[in-house]
1. Does residue 16 qualify as being over 23 Å from residue 118 (Cα atoms), open to solvent by less than 90 Å² (accessible area, probe 1.4 Å) and without any contact (Cβ under 8 Å) to a residue 60 or more places away in the chain?
2. Given the conditions (1) within 25 Å of residue 126 (Cα to Cα); (2) surrounded by 12 or more Cβ atoms within 10 Å (Cβ to Cβ); (3) not small (Gly, Ala, Ser), which single one is not true for residue 59?
3. Kindly indicate the residue of segment 65-110 that is free of Cβ contacts under 8 Å to residues at least 40 places away in the same chain and hydrophobic (A, V, I, L, M, F, W, C) and also most open to solvent (accessible area, probe 1.4 Å) among those meeting that condition.
4. Could you grab me the full set of residues in segment 28-56 that are in a strand (DSSP E or B) and open to solvent by 20 Å² or more (accessible area, probe 1.4 Å)?
5. Restricting the first residue to segment 129-143 and requiring it to be part of a loop (DSSP other than H, G, I, E, B) and at pLDDT below 70, which pairs with a second residue that is open to solvent by 20 Å² or more (accessible area, probe 1.4 Å) and among the aliphatic types (A, V, I, L, M) meet a Cβ separation below 9 Å and a spacing of at least six or different chains?
Amino acid sequence: DLVCDELLNACMASGVPTCSERDFWINDASALATIFAQIMQTRYLRLRLDVVRDNACRKFHVDALAARLLCTYRGTGTQYGIAGSEAEPREIHTAQTGEPIVLRGKRWPTVPDSRLVHRSPPIESSGETRLVLVIDPAANSRDEL
């Protein structure tokens, strides 16, 4: 409920008009936050909404946290693949727009290390703008990751 309220407050503060698209996004992002919090067994999350117009995070990598949920609401989705001995995967997949993807990070508590790597798709000079929701578990004294 707090996520929904805070997203609504952020939309109002930034002048996003009341419309069905805004309401859909708030409800969808809130539902993703609820599901991710349950999966990660945490009460606290860190949400970020990024507007991406360049090649941000252009190299394949594994994030330095337990796990991350990404959902691209506008533009090309996150690219991912299984890395072999080389840094880049041989086969690259792209999440569809609006399709959430949960990625295990370096701080995931079990072995082996994840070979599932991801990156932002290269869009520089294309004129494309991506809108990406990032949800991370927020560590605190009660919730150990």
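1. Working: over 23 Å from residue 118 (Cα atoms): yes; open to solvent by less than 90 Å² (accessible area, probe 1.4 Å): yes; without any contact (Cβ under 8 Å) to a residue 60 or more places away in the chain: yes.
It is true that residue 16 is over 23 Å from residue 118 (Cα atoms), open to solvent by less than 90 Å² (accessible area, probe 1.4 Å) and without any contact (Cβ under 8 Å) to a residue 60 or more places away in the chain.
2. That leaves (2) as the condition not met.
3. Taking the candidates together, the pick is 82.
4. Of segment 28-56, the ones in a strand (DSSP E or B) are 45-52.
Answer for segment 28-56, where residues must be in a strand (DSSP E or B) and open to solvent by 20 Å² or more (accessible area, probe 1.4 Å): 45, 46, 47, 48, 49, 50, 51.
5. The qualifying pairs are 143/40.
The values are calculated or read from the model by the stated rules, or taken from the named source; none is laboratory data. What you are looking at is a predicted structure, and each value in this text was computed from that prediction instead of being measured. Positions of Cβ are generated from backbone atoms using ideal geometry, with glycine treated the same way; all protein chains shown enter the neighbour counts. Ligands, DNA and RNA are stripped out before the accessible areas are found, and what is left, the full protein with its side chains, is counted by its heavy atoms. Shrake-Rupley method; radii C 1.70, N 1.55, O 1.52, S 1.80 Å.
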